[in-house]
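Derivation of every value follows stated rules applied to the coordinates shown; laboratory data play no part. None of these values were measured; they are calculated from a predicted model. Note: ideal-geometry Cβ built from the backbone for every residue, glycine included; neighbour counts use all protein chains shown.
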Amino acid sequence: MSRQSNRTTDSKKMNSELFTLTYGALVTQLCKDYENDEEVNKQLDKMGYNIGVRLIEDFLARSSVGRCHDFRETADVIAKVAFKMYLGVTPSVTNWSPAGDEFSLILESNPLVDFVELPDNHSNLVYSSLLCGVLKGALEMVQMAVDVRFAQDTLRGDNVTEIRMKFIKRIEENVPAGDE
Amino acid sequence: MSQCCMLNYVVKCFVQENGRCVSKLENMGFRVGQGLIERFTKDTPRFKDELDVMKFICKDFWTSVFKKQIDNLRTNHQGIYVLQDNKFRLLTQLSAGKQHLEHAPKFLAFTCGLVRGALSNLGVKSIVTAEVSVMPACKFQVMIQKM
């Protein structure tokens with residue numbers, strides 16, 4: 001029976017589709033709630049940040065990755081472990097700046113944008129802005145302030161999706177007042 | 001598992017940003033349910049009748065989305081169905097503490113929309129509501145609307 005034999009593959013596909021469809025419904029709802037694309041981008045970024053600050057705990061618990069010694073190691077962990085774990089894709093890490101403080105994640109395919117087309121009146125929408133927020137929030141919890149933005153986006157006509165990540169500074173751990 | 005996790009976080013965060021958003025969540029669920037059922041039933045044969053559709057929702061659909069089947073399906077054979085999930089996955093991640101219980105309706109609202117959307121694209125118009133009996137068990141009530 002065709003239904004039964006396809007059950008396991010269908011189930012896996014359904015899961016990623018559930019997430020993709022839910023994200024799409026979320027963005028659609030935000031577009032209805034807010035007047036302009038910039039505001040929606042900001043909201044997605046903010047939500048992503050809230051997700052990231054919690055997701056990092058889940059990630060560290062499940063991946064048993066130790067402390068990264070430098071930004072290059074961080075980049076590798078993000079691409080090969082984190083993206084794989086949560087989005088099922090492994091972006092490539094390229095375009096390092098000479099100072100070693102900036103790199104690109106190149107995604108051949110972005111699971112968030114399956115089935116998605118940007119309508120003409122939303123040309124300023126950075127659909128996957130949530131990801132920027134998640135990365136910023138998660139890294140802030142491990143004492144790294146970073147700037148994350150989309151340099152290329154397949155939804156806006158580019159060949160690949162490119163996320164540019166820049167290290168800003170190390171965040172000192174807060175020591176409560178009165179401690180020696 | 002991690003997909004459900006992400007989903008959880010996304011819904012939670014959306015919920016925190018917007019005050020009274022139960023109907024928005026239900027609408028989001030509706031859109032998602034419509035999309036999912038379209039993809040899922042692309043190659044399945046036609047359903048015999050309404051009960052067949054509900055069984056599909058309880059078994060195949062619920063398993064694909066929540067990794068388990070509905071535990072109990074009751075009907076009065078006059079268009080009302082009650083679906084009982086004794087360990088509803090979106091609720092198991094909420095701690096049992098009282099301050100979190102207030103969020104339970106929001107997760108249920110999304111799922112009600114999901115079911116309503118799925119049914120809608122199978123040609124069944126309905127109203128879906130939910131109630132939590134004892135965490136994490138909950139019941140979804142489906143009232144078929146004659147078109």
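Once the C-beta distance of A:Val89 and A:Val142 is scaled by a Förster radius of 30 Å, the resulting FRET efficiency is 0.85 to the nearest 0.05. Choose one of A:Gln29, A:Asn110, A:Ser92: the residue whose Cα lies farthest towards the positive end of the charge dipole of the range A:25-122 (beta-carbon charges +1 Lys, Arg; -1 Asp, Glu; about the Cα centre). Farthest towards the positive end: A:Ser92. Annotation: amide H of B:Asp71 within the under-5 Å range of B:Gln84, B:Asp85, B:Asn86, sequence separation 5 or more or interchain, hydrogens built in the peptide plane. A cut-off under 10 angstrom between Cβ atoms defines the neighbours of B:Pro136, and their net charge, with Lys, Arg +1 and Asp, Glu -1, is +1.
A cut-off of 5 Å between modelled amide H atoms, ignoring neighbours fewer than 5 places along the same chain, links A:Thr161 with A:Leu107, A:Thr154.
Note that the range B:63-72 has calculated 3J(HN,Hα) couplings of 5, 5, 8, 10, 6, 7, 8, 5, 7, 8 Hz, one per residue in order, obtained from phi through the Karplus relation 6.51 cos²θ - 1.76 cosθ + 1.60 (θ = phi - 60°); glycine and proline are x.
Between A:Asp114, A:Asp76, A:Asp33, the Gaussian network model of chain A with springs among Cα atoms under 10 angstrom shows the greatest mean-square fluctuation at A:Asp33. For the range A:44-111, GluC sites (Glu not before Pro) meeting the loop criterion (DSSP other than H, G, I, E, B) and having at most 13 other Cβ atoms within 10 Å: A:Glu108. Considering only chymotrypsin sites (Phe, Trp or Tyr not before Pro) in DSSP loops that have at most 16 other Cβ atoms within 10 Å, the longest stretch of chain A without any of them is A:116-180. Sorting B:Asp71, A:Asp45 by the number of Cβ atoms found within 10 Å of their own Cβ, with the fewest placed first, yields B:Asp71, A:Asp45. When only the Cβ of Lys, Arg, Asp and Glu is charged (+1, +1, -1, -1), the dipole of the range A:54-180 relative to its Cα centre reaches about 140 debye. Please compare each pair in A:Lys84/A:Lys136; B:Lys48/B:Lys125; B:Lys55/B:Lys139; A:Lys32/B:Lys146 to a cut-off of 24 Å on the Cα-Cα distance and tell me which ones are over it. Those over the limit are A:Lys32/B:Lys146. Between A:Lys166 and A:Glu38, what FRET efficiency follows from the Cβ-Cβ distance if R0 is 22 Å, with the result rounded to 0.05? Rounded to the nearest 0.05, the efficiency is 0.60. Each of A:Gln152 and B:Ser120 was given a label point 7 Å from its Cα along the Cα-to-Cβ line. The distance between the two points is 3.8 nm.
Computed over chain A with a Gaussian network model linking Cα atoms closer than 10 Å, the most mobile of A:Asn159, A:Asn121, A:Asn95 is A:Asn121.
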